[in-house]
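Enquirer: Shown below is the structure under consideration.
Every number here is computed from the coordinates shown, using simple stated rules; none is lab data. The model shown is predicted, which means the values in this text are computed figures rather than measured ones. With ideal geometry, Cβ positions are generated from the backbone for all residues, glycine too; neighbour counts draw on all protein chains shown.
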Amino acid sequence: MQKLRLIERDILATGKIDGPELEVLRRQLYAEGTIDRTKADFLVDLHKRVQHLNPAFEQLFYQTIKDHLLADGWIDAEDAAWLRRMLYADGKIDDEERKFLNELKGEAKKVCREFEGLFAECMNEPQEQHTCG
């Protein structure tokens with residue numbers, strides 16, 4: 001985690017993330033082969049703080065979060081609650097986040113009722129029950 005904090009410091013000093021920093025970040029995130037909640041939280045925080053987002057960082061961000069959430073193949077209630085906090089941190093759901101949710105739903109072997117509720121809410125579909133939050 002210390003190496004990630006050094007990378008974060010360098011990225012935030014410039015307010016942007018591009019080629020070399022992006023590759024160093026990717027290598028460090030996947031150094032142990034999996035993305036745990038600590039790394040996912042770190043990346044969510046970094047994503048919020050980077051001033052100039054670029055498509056390559058956005059792609060890394062969403063793929064890394066997807067790898068974290070789908071590590072065991074399914075999204076449980078705890079994952080759905082965490083995802084809700086991440087997605088609504090800025091108070092709104094944008095098109096990129098909707099695309100991400102569609103990919104998650106399509107790639108998960110199984111999703112919980114709470115994820116289904118979040119999905120429906122974010123897609124502006126009627127939902128029967130809303131239990132996470």
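Enquirer: Going through the range 1-73, which chymotrypsin sites (Phe, Trp or Tyr not before Pro) have at most 14 other Cβ atoms within 10 Å and a DSSP loop state?
Expert: 30
Enquirer: Let me ask something else. What is the Rg over Rh value, at two decimals, for the chain, using alpha-carbon atoms and the Kirkwood definition of Rh?
Expert: Rg/Rh for the chain comes to 0.98.
Enquirer: Taking a cut-off of 15 Å between Cα atoms, list the aspartates and glutamates near residue 48, but don't count ones fewer than 8 places away on the same chain.
Expert: 8, 58, 90, 94, 96, 97
Enquirer: For a bin width of 5 Å, list the pair-distance distribution of the range 70-133 built from all Cα-Cα distances, rounded to whole %.
Expert: Once binned at 5 Å, the Cα pair distances of the range 70-133 give 4, 19, 31, 30, 14, 2.
Enquirer: Now for a separate question. Go ahead and run the numbers for FRET between residue 1 and residue 107, Cβ-Cβ distance against an R0 of 22 Å, rounding to 0.05.
Expert: Efficiency, from the Cβ-Cβ distance: 0.20.
Enquirer: Would you please state which residues of the range 17-59 a label at residue 9 would reach in this model, taking the label point 7 Å out along Cα→Cβ and a backbone N cut-off of under 14 Å?
Expert: Backbone N within reach: none found.
Enquirer: Another question about this same structure. Please compute one quarter of the surface area of the Cα convex hull for the range 1-69 and express it in square nanometres.
Expert: 3.9
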